[in-house]
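K.L.:
Before we start, here is the structure in question, set down as structure tokens.
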Amino acid sequence: QVQLVESGGGLVQPGGSLRLSCAASGTRTIFSFYRMGWYRQAPGKQRELVATLTSDGRPNYADSVKGRFIISRENAVTVYLQMNSLKPEDTAVYYCKAEVPVYWGQGTQVTVAS
């Protein structure tokens, strides 16, 4: 069993930055998963992909965040999402996902507003 816990969300002004963390605990490290990812869900919208990172280090980004967000990992248990040049449309609950099999975190709220 694996638990994913996100942190780092909050309120930030447009143009600001935040770094989200996803810490994995349990019987597996993040390197044992094929892919780790960040997804987000805004009110009234479907959950959407933000960024993913494969076990061999290949990143993938949604077009809406390319050039602004960076997904990375620094150790065997933590995945990060560095978010720069934030926009109001980035406001959402951000979720960490591990696969395969699929595990989700509980989410962390990011609000971009002046």
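The values are calculated or read from the model by the stated rules, or taken from the named source; none is laboratory data. What you see is a predicted model; the values in this text were computed from it and never measured. A quick note on method: Cβ atoms are made from the backbone with ideal geometry, for glycine too, and the neighbour counts reach across all protein chains shown. Accessible surface areas use protein heavy atoms only, side chains included; no ligands, DNA or RNA. Shrake-Rupley method; radii C 1.70, N 1.55, O 1.52, S 1.80 Å.
K.L.:
Kindly state which strands (runs of 3 or more DSSP E) lie completely within region 8-114 and contain at least 1 residues that are in contact with a Lys or Arg (Cβ under 9 Å, 6 or more places away or on another chain), open to solvent by 20 Å² or more (accessible area, probe 1.4 Å) and of a type in the set (D, E, K, R).
P.N.:
Strands (runs of 3 or more DSSP E) meeting the threshold: 35-41, 48-54, 92-99.
K.L.:
Right, next: Go through region 52-70 residue by residue and tally those that are among the hydrophobic types (A, V, I, L, M, F, W, C) and closer than 14 Å to Arg40 by Cα.
P.N.:
Adding up the residues that qualify gives 3.
K.L.:
Looking only at residues in region 7-36 that are in contact with a strand residue (DSSP E or B) (Cβ under 8 Å, 6 or more places away or on another chain) and of a type in the set (S, T, N, Q), which one is modelled with the lowest pLDDT?
P.N.:
Thr27
K.L.:
Mind listing just one residue for me: the one in region 68-82 that is aliphatic (A, V, I, L, M) and in contact with a helix residue (DSSP H, G or I) (Cβ under 7 Å, 6 or more places away or on another chain) and, of those, modelled with the lowest pLDDT? If you could, list the steps in order and put the result at the bottom.
P.N.:
Step one: list which residues in region 68-82 are aliphatic (A, V, I, L, M), which gives 70-71, 76-77, 79, 81.
Then drop every residue that is not in contact with a helix residue (DSSP H, G or I) (Cβ under 7 Å, 6 or more places away or on another chain), which leaves 76-77, 79.
On the way: Ala76: 83, Val77: 86, Val79: 96.
Result: Ala76.
K.L.:
What are the pairs with Cβ atoms under 9 angstrom where one residue, in region 44-58, is on the phi > 0 side of the Ramachandran plot and the other, located anywhere, is surrounded by 13 or more Cβ atoms within 10 Å (Cβ to Cβ)? Sequence gap at least six, or different chains.
P.N.:
Sorted first by the residue in region 44-58, then by its partner, the pairs are Gly57/Arg73.
K.L.:
Which residues, taken from region 39-56, are closer than 19 Å to Leu20 by Cβ and of a type in the set (D, E, K, R)?
P.N.:
The answer is Arg40, Lys45, Arg47, Glu48.
K.L.:
For Gly44, state whether it is of a type in the set (Gly, Ala, Ser) and closer than 15 Å to Leu86 by Cα.
P.N.:
Answer is no for this residue.
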